[in-house]
Amino acid sequence: MRAVRRFTVRASLPESLSGLGDLATNLRWTWHPPTRDLFASMDAELFNRVRDPLRMLTALPPARLDELAVDDAFLAHAREAVADLDRYLAEPRWYQKQDDPDLPPAVAYFSMEFGVTEALPNYSGGLGVLAGDHLKAASDLGVPMVGVGLLYRAGYFRQALSLDGWQVEHYPVIDPNAFPLELLTDGGEPVLVDVAMPAGRTLHAQIWKARVGRIPLLLLDTDTEANDEDLRAVTDRLYGGDADHRIRQEILSGIGGFRAVRRYCELTGHPQPKVFHTNEGHAGFLGLERAREIIQADGLAFDEALPAVRAGTVFTTHTPVSAGIDRFPVDLVQRYFTDGRLVPDVDPRRVLALGAEDNPGLFNMAHMGLRLAQRANGVSALHGRVSRRMFSRLWPGFDFDEVPVSSVTNGVHGPTWVARELSALLGRNHEELGLDGAQGKPLRDGVTDEQLWALRRELREKLVAEVRRRVRAAWMQRGASALELGWTDTVFDPDVLTVGFARRVPTYKRLTLMLRDPDRLRALLLDERRPIQLVVAGKSHPADEGGKQLIQQIVRFVDDPEVRRRIVFLPDYDMSMARYLYRGCDVWLNTPVRQLEACGTSGMKSALNGGLNLSIRDGWWDECYDGSNGWAIPTADGVTDPLRRDELEAAALYDLLGHQIAPLFYDRGADGVPGGWLSMVWHTLETLGPRVQASRMVREYVESGYLPASRMVAEATGDGYRGALSLADYRTKLDVSWPRVRIFDTELLVEDSAPMVTGTEVTIRARIDLAGLEPSEVDVQAVVGKVGDGDELSDPVTVGMSGDGIGAFAARLKLPHPGSIGYTVRVLPKHRLLATPAELARVVHA
Ligand SMILES: *Cc1c(COP(=O)(O)O)cnc(C)c1O
């Protein structure tokens with residue numbers, strides 16, 4: 001018999017074990033090994049299989065629970081764990097110690113996916129895992145954050161392979177009751193948030209809460225009886241199918257998400273967020289809802305509310321190519337907004353204008369993100385530069401490096417990704433990895449090369465066991481019989497140089513670059529003296545046939561009996577597999593087309609475990625590669641033919657592997673230890689360790705994002721929205737005056753007989769018609785820089801010019817550079833609610 005519907009009943013715990021429920025439902029266990037040990041001690045074999053404390057409690061036979069309920073040693077251990085969690089949740093941490101009254105009382109963090117643990121499969125890849133790491137680090141730092149997203153009933157597809165190596169997908173449907181989630185209720189009834197749909201309909205969502213240490217994560221779920229049948233499916237899977245499905249998800253996550261946060265804070269007394277951070281632009285509609293709230297509560301006009309909304313919004317873009325930006329047909333957006341029910345009192349024409357781009361038929365979510373956020377950033381230094389260039393059309397008249405998009409380089413959550421054996425060896429408190437001040441002694445103190453090498457081998461050995469298990473399981477799944485799989489026991493070798501490559505499979509990541517010259521790859525793998533073994537994993541988007549073909553190419557190569565002991569493709573890359581790879585691989589390989597990887601984080605996780613990166617200089621590696629923490633694969637810059645480029649870069653990759661990496665790894669001292677290799681490992685642990693931590697990233701967001709945003713919100717909203725109203729007025733005034741602002745009669749004066757050498761003082765003068773603006777309302781600047789053939793200024797030095805009140809402006813400055821020098825004068829808006837002079841995208845040049 002088959003069940004028509006399934007549901008989950010949680011175990012009822014004996015009174016003395018009730019604390020275990022809290023331990024199992026707070027996801028802190030994912031980065032707190034002692035809590036996992038406690039659950040493992042209930043039944044090690046079972047825990048090893050389920051790897052999830054909550055499922056453990058359900059799966060454990062009641063008799064065993066009764067036994068534990070009177071086991072004094074176990075109970076003492078459990079009490080200790082509960083007390084430790086309580087302390088972690090309540091004690092003042094970094095944020096509380098800042099003692100800065102301007103810090104926001106709470107920050108809401110919006111993301112379409114959250115990868116906290118494989119036990120809550122609500123992510124598809126790097127973006128989600130990053131969001132999970134962001135929440136965990138915020139928790140460790142004590143940042144009062146609320147995460148907001150959607151709960152997908154079939155969130156995460158599982159990947160298997162057909163016999164001929166084609167990706168096959170399964171979509172397991174989850175029952176939220178079986179997951180570490182709690183339904184938000186009020187008086188016993190589920191709390192619902194509503195958003196209006198076209199044709200007078202309403203979409204309802206219930207709210208599930210996950211606990212990520214100190215951080216509540218709210219996940220909206222439309223699978224409720226309150227909804228019409230078709231609307232129940234809005235959160236059926238991650239990144240819906242067609243544009244309509246997707247815009248509903250984005251409307252729900254932004255507008256519904258904001259309403260959920262409001263309700264949650266009202267119900268629980270959690271402080272209301274003052275700053276809103278959107279991880280990618282999907283939740284961008286939230287700014288409209290915040291404007292609506294201000295308009296309705298305080299009677300402001302949209303333009304007057306806008307500065308307050310912008311002040312409190314931080315927008316992080318992750319997309320380095322314009323084709324990757326989320327866009328909707330304008331008429332689709334119109335369909336949701338024109339009847340005015342979705343965000344009442346916000347003029348639908350204003351909504352459309354926020355997403356305007358070059359193509360008048362498209363609504364651009366990133367553009368809306370930038371227009372609704374005063375602070376925006378990319379996710380690595382290089383990606384910041386790429387983004388400034390990509391979005392520069394929104395700031396005409398400004399140089400690329402003045403475009404107000406900064407960068408905060410991503411980081412990864414140390415306690416989640418670092419092998420606990422490594423923290424133990426280095427004498428680190430595992431749970432506090434990445435937090436300053438907690439770690440004391442220098443890393444190498446009292447730890448020998450032999451010990452580190454033995455540990456690296458141990459981690460490699462664990463990976464080898466996992467590889468064998470997974471290769472065998474994959475073959476069984478592809479239809480092989482156990483009898484023909486004896487060879488899988490000898491796949492991989494714990495003493496062979498192990499290279500890992502695992503990622504999603506969009507074309508730019510070039511999964512198959514390593515196959516460019518199969519003979520050379522084969523020779524590297526099968527080298528008698530210095531063999532290499534290569535573990536590959538990755539999922540293709542289910543609709544991406546090209547990606548599936550790449551996977552098939554790899555699988556066909558690895559299926560060859562000649563090489564299959566040295567190269568494997570592991571299906572179903574996810575967090576549980578990833579851990580083994582990041583910890584056990586000696587070298588982490590990454591071969592994107594340069595500038596197409598915004599940051600990349602898997603290499604960071606490898607580095608934290610002493611893996612050395614071998615990567616194209618892209619994303620984080622462009623700023624972190626220092627010549628002795630790994631290798632940079634030279635890029636064929638300027639080669640426009642992609643095939644030729646791939647060929648050159650693949651050849652460089654083989655050269656590095658064969659001539660530098662393998663020789664260094666196998667160059668052993670008398671003690672069998674590769675000293676040269678280990679000095680790179682030590683250097684990586686010491687120097688990259690602190691830089692790639694998510695705690696560093698979150699601190700940067702606090703300092704350069706949340707704190708200034710919170711100050712600006714206070715400026716904008718204080719005293720009856722005085723700042724916001726003043727900026728709105730100022731913008732109106734600019735609309736009238738700005739087109740008539742003129743600069744004329746600019747001149748550069750050198751004192752009589754002064755030599756024209758660097759350092760000579762000069763005066764730059766100009767007459768300016770401010771068209772009715774006050775001198776205090778503008779920033780007049782003299783800019784001096786080098787000039788090349790095109791009169792383009794480079795390395796500019798900017799000096800403010802002061803006026804005499806009747807239109808003459810002057811500045812004195814020292815000639816900054818030798819050689820060909822040019823200067824200009826420009827006028828920029830000035831208002832205390834602007835974060836940068838470029839913000840309003842207005843500038844007048846001489
Ligand atoms: C870290 C991580 C990623 C992201 O890695 P990239 O280097 O950005 O490709 C993807 N999937 C999982 C499971 C991860 O842990």
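Could you order peptides 56-63, 453-460 by the average number of other Cβ atoms within 10 Å of their residues, highest first?
Peptide ranking by packing, descending: 453-460, 56-63.
Per q in 0.11, 0.14, 0.26 1/Å, what log10 I(q)/I(0) does a Debye calculation on the alpha-carbon atoms of the range 15-90 return?
-0.23, -0.38, -1.40
Which log10 I(q)/I(0) values, to two decimals, does the range 444-692 give at q = 0.10, 0.13, 0.14, 0.16 Å⁻¹ under the Debye formula with one point per Cα?
Each listed q corresponds, in turn, to -0.46, -0.79, -0.93, -1.23.
Given 23, 506, 161, which one lies farthest toward the positive end of the charge dipole of the chain, if we put +1 on the Cβ of every Lys and Arg and -1 on the Cβ of every Asp and Glu?
After comparing all options, I get 161.
Using a 10 Å cut-off on Cβ atoms, rank the peptides 316-327, 441-452 from the highest mean neighbour count down.
Numbers: 316-327: 18.9, 441-452: 13.2.
With the highest mean Cβ count within 10 Å placed first, the list reads 316-327, 441-452.
Around residue 572, which amide H atoms from residues at least 5 apart in sequence, or from another chain, sit under 5 Å from its own amide H, with H modelled in the peptide plane?
Distant-sequence amide H within range of residue 572: 159, 538.
Starting from the Cα-Cα distance between residue 339 and residue 508, subtract it from 0.36 nm times their residue separation and give me the gain in nm to one decimal. Working shown, then result.
Working: separation 169, 0.36 × 169 = 60.84 nm, distance 4.12 nm.
Extra length available between residue 339 and residue 508 comes to 56.7 nm.
About its Cα centre, how strong a charge dipole does the range 176-261 have in debye, to the nearest 20, once Lys and Arg get +1 and Asp and Glu get -1 at the Cβ?
Its charge dipole is roughly 460 debye.
List the relative contact order of the range 444-692 as a percent without decimals, with contacts defined as Cα pairs under 8 Å and 6+ residues apart. Walk me through the numbers before you get to the answer.
Values: 381 pairs, mean separation 51.3, N = 249.
The normalised contact order for the range 444-692 reaches 21 percent.
Can you give the relative contact order of the chain as a percent, counting alpha carbon pairs under 8 Å and 6+ residues apart?
Values: 1605 pairs, mean separation 91.8, N = 846.
About 11 percent, as a whole number.
Calculate the all-directions average of the projected area of the range 95-410's alpha-carbon convex hull, and give it in nm². Could the numbers behind the result be given before it?
On the way: hull surface 73.1 nm².
Value for the range 95-410: 18.3 nm².
Taking every alpha carbon pair in the range 321-468, what does the distance histogram look like in 5 angstrom bins from 0, in percent?
Final binned percentages: 2, 8, 11, 12, 10, 8, 8, 8, 9, 9, 7, 5, 2, 1, 0.
So for the range 15-90, averaging the separation of alpha carbon pairs under 8 Å that are six or more residues apart and normalising by length, what relative contact order in percent results?
Details: 52 pairs, mean separation 31.4, N = 76.
Normalised by residue count, the contact order of the range 15-90 is 41 percent.
Dipole of the chain, Cα-centred, from +1 at each Lys and Arg C-beta and -1 at each Asp and Glu C-beta, to the nearest 20 debye? Please report the intermediate quantities before stating the final value.
On the way: 97 positive and 116 negative charges, 166 e Å.
Roughly 800 debye for the chain.
Beyond 52 Å, how much of the Cα-Cα pair distribution for the chain remains, as a whole percent?
Details: 70231 of 357435 pairs.
Counting every Cα pair in the chain, those more than 52 Å apart make up 20 percent.
Anything in the chain that counts as a DSSP H helix reaching 24 Å or more along its axis (C-alpha) with Kyte-Doolittle mean of at least -1.0? List them, would you?
Values: long enough: 72-90 (27 Å, 0.09); 449-477 (41 Å, -0.86); 707-737 (33 Å, -0.20).
Answer set is 72-90, 449-477, 707-737.
Treat each spin label as a single point 7 Å out from the Cα along the C-beta direction, and report the residue 186 to residue 267 distance in nm.
0.8
Ranked by Cβ crowding within 10 angstrom, fewest neighbours first, how are 214, 79 ordered?
Details: 214 23, 79 12.
Ranked by crowding around the Cβ, least crowded first: 79, 214.
How far is it, in nm, from the label point at residue 245 to the one at residue 836 when both lie 7 Å from their Cα along the line to the Cβ?
Each label point is offset 7 Å from its Cα along the Cβ direction, giving 3.8 nm.
Please compute the alpha carbon radius of gyration of the range 107-201, then divide it by the globular-protein estimate 2.2 N^0.38 Å. Two decimals is fine. Numbers along the way, then the final one.
Numbers: Rg = 16.8 Å, N = 95, 2.2 N^0.38 = 12.4 Å.
Against the compact-globule rule of thumb, the ratio is 1.36.
Considering the dipole of the chain built from charges on the beta carbon (Lys and Arg +1, Asp and Glu -1) around the Cα centre, which of 643, 659, 685 is farthest to its positive end?
Positive-most Cα among the choices belongs to 643.
Divide the volume of the convex hull of the Cα atoms of the range 751-829 by its number of residues and quote the answer in cubic angstrom per residue. List each step's numbers first, then the result.
Numbers: hull volume 7.8 nm³, N = 79.
Cα convex hull per residue, to the nearest whole number: 99 Å³.
On a C-alpha basis, how far is the centre of the range 480-499 from the centre of the range 340-394 in Å? Whole number, if you could?
Cα centroid to Cα centroid, the span is 51 Å.
Please report how far the C-alpha centroid of the range 504-583 lies from that of the range 701-778, rounded to the nearest whole angstrom.
The range 504-583 and the range 701-778 have Cα centres spaced 55 Å from each other.
Report the FRET efficiency, 1/(1 + (r/R0)^6), for residue 769 and residue 644, where r is their Cβ-Cβ distance and R0 is 41 Å, rounded to 0.05. All intermediate terms of the calculation are to be shown ahead of the outcome.
Working: r = 55 Å, r/R0 = 1.34.
Efficiency, from the Cβ-Cβ distance: 0.15.
How big is the convex hull of the Cα atoms of the range 1-152, per residue, in Å³? Don't jump to the answer; show the numbers that get you there.
On the way: hull volume 22.8 nm³, N = 152.
Output value, Cα hull per residue: 150 Å³.
Residue-wise, which Karplus ³J(HN,Hα) couplings in Hz belong to the range 827-835, taking 6.51 cos²θ - 1.76 cosθ + 1.60, θ = phi - 60°, and x for glycine or proline?
10, 10, x, 9, 7, 5, 8, 8, 7
Along the charge dipole of the chain, Cβ charges K/R +1 and D/E -1, which of 602, 318, 171 sits furthest on the positive end?
Positive-most Cα among the choices belongs to 171.
How big is the gap, in Å, between the Cα center of the range 444-478 and the Cα center of the range 152-214?
35
Just grab the label-to-label distance for residue 443 and residue 45, each label 7 Å out from Cα along the Cβ direction, in nm (one decimal).
4.0
Read-outs: derived from the displayed coordinates by stated rules, not from any lab. A quick note: this is a predicted structure, and the numbers were derived from the prediction, not measured. Every residue, glycine as well, gets a Cβ built from its backbone with ideal geometry; the counts of neighbours run over all protein chains shown.
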